[in-house]
Every structure is written in structure tokens, then in C-alpha cells.
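Enquirer: Can you read through this structure? Questions will come right after.
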Amino acid sequence: MRYVCLVHVDPSLIDAATPEELAAMDRDNQAANAELTASGHLILDLALKEPGTARIVRSRGGKVSATDGPYIESKEHLGGFFVIEARDLEEAVAIARREPMARFGSIEVRAEMGISWQQPKPT
């Protein structure tokens, strides 16, 4: 089953990190991605730009709007995500526990819904 692991980042923890800690996190992240790729678990991994660079698109009552945002008061923001293949939720959580970015925030693990209009999974 596929799981999306949402990487929520606390910018204050990144700002407080030393250059050595950031370099170690980068090395550890590359190693973790290589391990997940080699094991067949990693499907996709993307880092996202800061929330201030985003636009929010809404469709209400036949009108579509696009505004700057998001402007939410939160200590953490969505910094990226990775999609994995795992046997079950327990294995997905075990994989997420090894994610180096958890040092600077949290990882939210969600199963895909598997709705019928999705593209078939690659073989």
C-alpha cells in the first residue's frame, strides 16, 4: 500500500541548528533516500519552497480565485513530502521514524485512499 509522509518543518529549529548539524542532516537525508530507493520503498520525494511563495486556489459558487498564502499562524509548515510503498501502517511509521527531517519538525503518515479514478500503479 502507498503512504504519503508529510514533512512538517519548524523553521526555528532549522535556524537554531549549527552548520555542522545541517550538513549532517543533509548527508543523513541523502543516505536515507538511497536506502529507501534501494529497498523499493521510495516512490517520490519532494521538498517544497517556503509557504510565502505559495498561492491558494479556491472555487466557490462558480468563481475561481487565487490568493497569496497560506497565512496561518503555526509553528510548523509543510516543507515537503515523500511517497512510500509499505506493507502496512506500522511499516510506514517505521520508515518515517528514520527520516532525518523529523529532527526539525514532524512527519505525518497517511495511507492513500485508493479511489477508482487513480492511475494504475507502475509494475
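No value in this document is a laboratory result; all are computed from the given coordinates. Remember, it's a predicted structure, so these values are computed and weren't measured experimentally. Ideal geometry is used to build each Cβ from the backbone, glycine not excepted, and the neighbour counts take in all protein chains shown.
Enquirer: What are the residues in the range 75-108 that are surrounded by 15 or more Cβ atoms within 10 Å (Cβ to Cβ), in contact (Cβ under 8 Å) with a residue 24 or more places away in the chain, more than 11 Å from the chain's Cα centre (by Cα) and closer than 16 Å to L36 by Cα, if any?
Expert: E85, A86, A92, I95, P100
Enquirer: A follow-up question, please. Checking V4 against (1) among the β-branched types (V, I, T); (2) surrounded by fewer than 16 Cβ atoms within 10 Å (Cβ to Cβ); (3) within 15 Å of A96 (Cβ to Cβ), which single condition isn't satisfied?
Expert: V4 satisfies every listed condition except (2).
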